[in-house]
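The values are calculated or read from the model by the stated rules, or taken from the named source; none is laboratory data. Since the structure is predicted, the reported quantities are computational estimates derived from the model, not experimental observations. Neighbour counts run over all protein chains shown; Cβ positions are idealised from the backbone, glycine included.
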Amino acid sequence: MSEEIQKLYSHYSAIFPVEDVAETIKWYETHLGCSLFFSYGTPVNYAVLSLNDNLRIHIAKKDDDFKPSGRHTAIYIFVHDIEKVFAHMKSLGLVAGKLTTADYGMRDFDITDLNGFRITFGQGS
């Protein structure tokens with residue numbers, strides 16, 4: 001792909017299809033500290049949640065029987081202090097496993113949101 005074409009791309013967002021958008025907004029606000037950046041519809045059927053200026057998660061009311069994979073990470077969030085994030089998530093009861101150092105050079109751990117999406121938090125070791 002040419003550099004000219006590559007420059008046409010700006011950014012991306014994960015979009016999680018969920019059963020209940022309002023309930024999902026509350027969960028992400030409470031557990032991850034997200035703020036509602038944008039919402040659409042009455043009742044809300046699409047929303048953008050923001051952890052900071054660089055990290056946004058989009059959620060949409062699903063219209064099929066989609067189920068997230070329980071084995072594969074839906075989103076990998078890179079952090080600056082993995083120990084603090086791990087301790088915080090553990091204090092909320094969200095961590096089932098351990099903070100591990102992977103052979104690919106990351107220290108990371110997983111949580112699962114209320115819809116079954118696996119979210120991994122990691123930092124280079």
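Which number in (1) closer than 18 Å to Ile119 by Cα; (2) touching an Asp or Glu at 6+ places or on another chain (Cβ under 7 Å) marks the one condition that Lys62 misses?
(1)
On the basis of being closer than 21 Å to Ile57 by Cβ, of a type in the set (Phe, Trp, Tyr) and in a strand (DSSP E or B), does Phe121 make the cut?
yes
Give Ala96, Ala74, Ala87 a once-over and let me know the one that is out of contact with any strand residue (DSSP E or B) (no Cβ under 8 Å at 6 or more places or on another chain) and small (Gly, Ala, Ser).
Step by step, each of Ala96, Ala74, Ala87 is checked, and only Ala87 is out of contact with any strand residue (DSSP E or B) (no Cβ under 8 Å at 6 or more places or on another chain) and small (Gly, Ala, Ser).
If you go through the stretch 41-53, how many residues are more than 20 Å from Thr30 (Cβ to Cβ) and either assigned by TED's automatic domain parsing to the domain that holds Thr112 or within 12 Å of the chain's Cα centre (by Cα) (or both)?
Qualifying residue count for the region: 0.
Sort out for me the strands (runs of 3 or more DSSP E) sitting completely within the stretch 1-115 that have 2 or more residues that are under 24 Å from Ser125 (Cβ atoms).
Answer list for the stretch 1-115: 46-52, 73-78, 106-112.
I need a count of the residues in the stretch 36-55 that are closer than 17 Å to Leu92 by Cβ and surrounded by fewer than 17 Cβ atoms within 10 Å (Cβ to Cβ).
So the count comes out to 1.
Checking Val79 against (1) in contact (Cβ under 8 Å) with a residue 40 or more places away in the chain; (2) farther than 25 Å from His11 by Cα: exactly one of these is not met. Which one?
It fails just one condition, (2).
Just to be sure I understand the filter: pairs with C-beta atoms under 9 Å, separated by 6 or more residues or on different chains, first member in the stretch 1-29 and within 20 Å of Arg56 (Cα to Cα), second member assigned to a helix (DSSP H, G or I). Which pairs pass?
Partner pairs satisfying both residue conditions: Phe16/Thr24; Val18/Thr24.
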